[in-house]
Amino acid sequence: MLQPLIDLQQVTYAYPVRPGSAQQESPALRKLSLQIQQGEYVVILGHNGSGKSTLARQCNALLLPDQGQVIVAGMDTRDLASHPAIRARVGMIFQNPDNQLIATVVEDDVAWSLTVLGYSASEIRQRVNEALEAVGIADLRALPPHKLSGGQRQRVAIAGILALRPDCIIADEATSMLDPVSRQEMGKLFARLNRDLGITIVQVTHLLEEAVYAQRIVLMEQGQIVQTGQPGQLLSDIERLRALKLIIPDSLSLAARLRAAGFRIAEDAVTVEQIAREIARE
Ligand SMILES: Nc1ncnc2c1ncn2[C@@H]1O[C@H](COP(=O)(O)OP(=O)(O)O)[C@@H](O)[C@H]1O
Ligand SMILES: [Mg+2]
């Protein structure tokens with residue numbers, strides 16, 4: 001068996017309680033185990049507070065386990081000396097692109113980490129070009145980030161990570177501030193980076209409609225994984241998803257109602273396009 005790129009073993013983690021607080025310490029992650037293989041496109045799905053961001057932060061050593069261990073590309077996150085190497089392999093983007101952009105011009109922003117790490121000017125130029133091409137914003141390179149749309153700014157943040165040539169990108173609700181069209185484009189970008197560049201994608205979201213393009217969905221609740229499976233397996237049980245406080249997109253609830261009424265809508269039809277095709281066929 002191939003060594004997983006990210007291997008969480010029985011991870012328990014509780015945020016520190018403020019001194020004097022009457023609040024009980026309740027773990028954000030409870031004995032959670034998850035293996036992510038190089039090249040996978042995984043969606044971590046769960047309602048607010050289910051522990052997704054805590055899990056994501058364990059994967060690039062922004063948080064360390066209280067119990068259990070996290071191994072990234074063979075390195076234990078409890079080994080502090082391994083943190084720079086881990087973060088070069090596993091990059092993270094967050095909800096608000098503005099907290100991640102530093103420079104006054106797009107290409108300088110993408111070059112930032114490389115500059116800090118001391119790469120040569122020619123190496124930086126080549127990597128920045130590649131990264132801007134990969135996310136489709138090469139034509140915006142000379143603009144200041146504040147002139148760009150939210151979706152474009154998220155692309156700048158992604159390019160900044162790609163320039164480091166990571167194995168994996170973790171996107172923590174990175175699309176939730178975007179409009180539905182940009183959100184869908186971002187999903188397609190993740191799928192393309194995964195397919196064409198072989199980059200492992202871990203997309204964290206509370207939106208079911210973003211989970212439909214994943215190879216594997218990891219469903220979270222109360223700091224634990226309650227189910228994992230392919231979208232077709234996992235998204236047909238609408239009642240269960242509702243019980244997990246997820247909002248069911250219209251397309252999925254329509255498919256479920258049609259099935260209940262006796263129409264033959266394939267269980268593995270999960271995207272709007274697939275469901276529309278099934279309805280047209282039937
Ligand atoms: N910085 C923090 N300090 C204390 N508790 C936190 C902090 N961040 C998250 N939590 C708590 O940990 C649990 C899991 O949160 P989180 O991982 O952010 O979930 P999600 O990303 O799924 O919304 C929640 O109960 C949340 O209130
Ligand atoms: Mg979160």
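The values are calculated or read from the model by the stated rules, or taken from the named source; none is laboratory data. For clarity, every value in this text was computed on a predicted model and none was experimentally measured. For neighbour counting, all protein chains shown are included, and Cβ atoms are generated from backbone atoms with ideal geometry for every residue, glycine included. In case anyone asks, the SASA skips ligands and DNA or RNA and just uses the protein heavy atoms, side chains included. Shrake-Rupley method; radii C 1.70, N 1.55, O 1.52, S 1.80 Å.
A few remarks follow.
- Magnitude of the charge dipole for the stretch 6-248, about its Cα centre and with charges confined to Cβ atoms of Lys, Arg (+1) and Asp, Glu (-1), is about 200 debye.
- Per-atom-type breakdown for the chain gives carbon and sulfur 51% of the accessible area (1.4 Å probe, protein chains only).
- Per-q log10 I(q)/I(0), the stretch 225-280, q = 0.12, 0.21, 0.27 Å⁻¹ (Debye; single scatterer per alpha-carbon; no solvent): -0.25, -0.76, -1.17
- 3J(HN,Hα) along the stretch 233-249: 6, 8, 9, 8, 8, 4, 5, 5, 5, 5, 5, 8, 6, 9, 8, 8, x Hz, from the Karplus curve 6.51 cos²θ - 1.76 cosθ + 1.60 with θ = phi - 60°, whole Hz, x for Gly and Pro.
- Relative to the Cα centre, the charge distribution of the stretch 90-207, modelled as +1 at Lys and Arg Cβ and -1 at Asp and Glu Cβ, gives a dipole magnitude of about 140 debye.
- Beta bridges per DSSP with both ends in the stretch 138-282, % antiparallel, nearest 5: 50
- Looking at the chain, the accessible area is 49 square angstrom per residue; that uses a 1.4 Å probe and ignores ligands, DNA and RNA.
- Farthest positive-ward along the chain dipole, Cα basis, beta-carbon charges - from 246, 217, 170: 246
- Amide hydrogen neighbours beyond the local backbone of residue 44, cut-off 5 Å, H modeled: 203, 204, 205, 218
- Of every Cα-Cα pair in the chain, the percent that sits beyond 28 Å: 41
- Stretching residue 76 away from residue 224 to a fully extended chain increases their span by 51.2 nm, per 0.36 nm per residue minus the current alpha-carbon distance.
- Label-point gap, in nm, between residue 2 and residue 181 - each point 7 angstrom along Cα→Cβ: 3.7
- FRET efficiency for residue 138 and residue 257, using Cβ-Cβ distance with R0 set to 51 Å, rounded to 0.05: 0.70
- Packing-based order for 110-123, 204-217, using average beta carbon neighbours within 10 Å, highest first: 204-217, 110-123
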